[in-house]
Amino acid sequence: MKKLLLFLIFIACTVLCFAQDTTQRVVPNRKNSAVQQQKPYVILISADGFRYDYAEKYEAQHLLTFAKQGVRSSSMIPVLPSSTYPNHYAMATGLYPAHNGIVQNIFYDRKLKRYYDSGEKAETENPVWYGGTPLWVLAEQQHMLAANFYWVGSNTPIKGIYSTYYYPHNEKISIHDRIQDVVNWLNLPADKRPHLITFYLPPVDDAGHEFGPNSQQVIDAVHNVDSTVYELVKAVKSTKINVNFIFVSDHGMGEPDTKHPLPTPAALDTSKFIISGDRMVVELIAKHPADIQNTYQALKKENGDYDVYLRDNMPEHLHRSKSDDKYDRIGDIILLPHWPKLFNIYSRKLDIGQHGYDPAVVKDVHAIFFAWGPQFKQHMQIEQFPNVDIYPLVTELLGLKYTEKIDGTTAVAKKVLVKYN
């Protein structure tokens, strides 16, 4: 009994330490090349769930001041689903989800015969799930050092490469300490100093889900992010390094009808399908291909508050058709509820605030884009653009070259960067 008790204590301590791992990882023996030491610096900040209109709606004065000094867009268009993991990885790779592999927060892979789950550490750190070449991997391949303070995929050796500096995702490191780490990175010698830094802020999304986008809690969270970015900019100035800042979000936030969710359609025999998602994008993967067409036709006849698509006939603007599905992870049948409806196939408690909808239909899920610094033009407002354009914007700013085909274009970069005057 005593040995069993000691063993259980050991396991509990191990799990606790693992869950609260706050140790910075540093890949040894890397340096910026002499050429890369002459390149600009950029900090890419993502404020999760920061809707395109929050800065003005809730008077985020510091962010509005920075935006007036540099560039802002009317909004930034997320990918479908307008959720955290697909959108962060789309920005990081310049690829739509069907082209980079991260097609939902939770999804099933036919070949691997298992789920990717954004809440499962073992899966999110497995490189088998991640396609494309994330910005930090591209930088490191070209002997430019990068640092990640939480970004989807940054805890994973994609193409066998981590950024030189990164942290395992956790909630234990204070914002003050995170900012200090950025300052410490920028105070390193030129050959050890990262030129690309990613930074992640979750409080607006957390508040939006629990209390809704029109709540005092969201107002407070917006002000919290506003103050954090101001403190970060002020701290970075102390390093005397001229840094470019890009402030984005992965998606916005809406308040759909969570009191009357759509149930599992009667025409769907759940024993015949593997289900990914249960709210705004429901994907059905047939266990036997023979069941696809009959179920599709039955769902088409039954539906009233949702659209039904085959993988073969998805709308082109969603970039989720069979021809797009490079990793074979999109459902055979896809259900998209009509705003403000949503599915709740698993009968879970639904948060007041939600996202995930088609951004072409629901403007509330649109994201924000502000940018300022020495490489950006001043006092400029541009029209909305797809978030996959973030990748070529950063590569143009840093002078990085990519040879793989991406979905993003340099249209935004050519509008907003000084070098295109």
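What is the residue count in the range 403-418 for residues that are closer than 18 Å to Q142 by Cβ and over 22 Å from the mean Cα position of the chain (by Cα)?
Total meeting the criteria: 1.
Identify, by number, the condition in (1) under 30 Å from P40 (Cα atoms); (2) touching a residue at least 60 places away in the same chain (Cβ under 8 Å) that R178 doesn't meet.
With respect to (1) under 30 Å from P40 (Cα atoms); (2) touching a residue at least 60 places away in the same chain (Cβ under 8 Å), R178 is out only on (2).
Yes or no, residue by residue, for (1) surrounded by fewer than 24 Cβ atoms within 10 Å (Cβ to Cβ); (2) in contact with a Lys or Arg (Cβ under 8 Å, 6 or more places away or on another chain); (3) modelled with pLDDT under 95:
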| site | (1), (2), (3) |
| --- | --- |
| H355 | no, no, no |
| T395 | yes, yes, no |
| Y402 | yes, no, no |
| I406 | yes, no, no |
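Quick grid of which residues meet (1) in contact with a strand residue (DSSP E or B) (Cβ under 9 Å, 6 or more places away or on another chain); (2) under 30 Å from E210 (Cβ atoms); (3) crowded, with 18+ Cβ neighbours inside 10 Å; (4) hydroxyl-bearing (S, T, Y):
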| residue | (1), (2), (3), (4) |
| --- | --- |
| K287 | yes, no, no, no |
| I292 | yes, no, yes, no |
| L299 | yes, no, yes, no |
| N313 | no, no, no, no |
| D328 | yes, no, no, no |
| N344 | yes, yes, no, no |
| R348 | no, yes, no, no |
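Any residue at all in the range 38-45 that is among the aromatic types (F, W, Y) and at pLDDT 95 or above?
Within the range 38-45 (the criterion being among the aromatic types (F, W, Y) and at pLDDT 95 or above), the answer is yes, since at least one residue qualifies.
In the range 86-111, how many residues are hydrophobic (A, V, I, L, M, F, W, C) and either more than 28 Å from H317 (Cα to Cα) or touching a strand residue (DSSP E or B) at 6+ places or on another chain (Cβ under 6 Å) (or both)?
Of the residues in the range 86-111, 2 are hydrophobic (A, V, I, L, M, F, W, C) and either more than 28 Å from H317 (Cα to Cα) or touching a strand residue (DSSP E or B) at 6+ places or on another chain (Cβ under 6 Å) (or both).
Can you list residue pairs whose Cβ atoms sit under 8 Å apart, with the first residue in the range 300-321 being in contact (Cβ under 8 Å) with a residue 12 or more places away in the chain and farther than 20 Å from R279 by Cβ and the second being part of a helix (DSSP H, G or I) and β-branched (V, I, T)? Count only pairs 6 or more apart in sequence or on different chains.
L310/I292
Return the residues of the range 233-247 that are outside any loop (DSSP other than H, G, I, E, B) and free of Cβ contacts under 8 Å to residues at least 40 places away in the same chain; say none if nothing qualifies.
The answer is K234, K237.
Restricting attention to the range 381-395, which residues are touching a strand residue (DSSP E or B) at 6+ places or on another chain (Cβ under 8 Å) and outside any loop (DSSP other than H, G, I, E, B)?
Residues of the range 381-395 that are touching a strand residue (DSSP E or B) at 6+ places or on another chain (Cβ under 8 Å), as a first pass: 381-387, 390, 393-394.
If the condition is that a residue be touching a strand residue (DSSP E or B) at 6+ places or on another chain (Cβ under 8 Å) and outside any loop (DSSP other than H, G, I, E, B), then Q381, I382, F385, P386, N387, I390, L393, V394 are the ones that fit.
Looking at the range 359-374, is at least one residue surrounded by fewer than 18 Cβ atoms within 10 Å (Cβ to Cβ) and under 30 Å from Y41 (Cβ atoms)? Before the answer, list the steps.
From the range 359-374, those surrounded by fewer than 18 Cβ atoms within 10 Å (Cβ to Cβ) are 360-361, 363, 374; that's our starting set.
From the residues that got through so far, the ones that are under 30 Å from Y41 (Cβ atoms) too are 374.
Scanning the range 359-374, I find at least one residue that is surrounded by fewer than 18 Cβ atoms within 10 Å (Cβ to Cβ) and under 30 Å from Y41 (Cβ atoms), so the answer is yes.
crowded, with 20+ Cβ neighbours inside 10 Å, part of a loop (DSSP other than H, G, I, E, B) and touching an Asp or Glu at 6+ places or on another chain (Cβ under 9 Å) - does that describe any residue in the range 206-222?
The answer is yes; a qualifying residue exists.
Which residues, taken from the range 224-257, are surrounded by fewer than 18 Cβ atoms within 10 Å (Cβ to Cβ) and either among the polar types (S, T, N, Q) or under 26 Å from the mean Cα position of the chain (by Cα) (or both)?
Once the filter is applied, which keeps residues that are surrounded by fewer than 18 Cβ atoms within 10 Å (Cβ to Cβ) and either among the polar types (S, T, N, Q) or under 26 Å from the mean Cα position of the chain (by Cα) (or both), the range 224-257 yields N224, S227, Y230, E231, K234, A235, S238, T239, N242, E255, D257.
Filtering the range 28-56 down to residues that are of a type in the set (A, V, I, L, M) and closer than 30 Å to P202 by Cα, which residue is surrounded by the most Cβ atoms within 10 Å (Cβ to Cβ)?
Of all residues in the range 28-56, those of a type in the set (A, V, I, L, M) come to 34-35, 42-45, 47, 55.
Those left that are additionally closer than 30 Å to P202 by Cα: 42-45, 47, 55.
Numbers: V42: 22, I43: 24, L44: 24, I45: 22, A47: 30, A55: 24.
For the range 28-56, the residue satisfying everything is A47.
Can you confirm whether the range 135-158 contains a residue that is touching a Gly at 6+ places or on another chain (Cβ under 6 Å) and assigned to a loop (DSSP other than H, G, I, E, B)?
No.
Quick one: count up the residues across the range 263-277 that are within 24 Å of the chain's Cα centre (by Cα) and either at pLDDT 95 or above or surrounded by fewer than 20 Cβ atoms within 10 Å (Cβ to Cβ) (or both).
Residues flagged as within 24 Å of the chain's Cα centre (by Cα) and either at pLDDT 95 or above or surrounded by fewer than 20 Cβ atoms within 10 Å (Cβ to Cβ) (or both) within the range 263-277 amount to 1.
Tell me whether the range 409-419 contains one or more residues that are out of contact with any helix residue (DSSP H, G or I) (no Cβ under 9 Å at 6 or more places or on another chain), surrounded by fewer than 22 Cβ atoms within 10 Å (Cβ to Cβ) and closer than 22 Å to M253 by Cα.
So far as the range 409-419 goes, no, none of its residues is out of contact with any helix residue (DSSP H, G or I) (no Cβ under 9 Å at 6 or more places or on another chain), surrounded by fewer than 22 Cβ atoms within 10 Å (Cβ to Cβ) and closer than 22 Å to M253 by Cα.
The values are calculated or read from the model by the stated rules, or taken from the named source; none is laboratory data. From a predicted model like this one, the values you see are computed outputs, not experimental measurements. Positions of Cβ are generated from backbone atoms using ideal geometry, with glycine treated the same way; all protein chains shown enter the neighbour counts.
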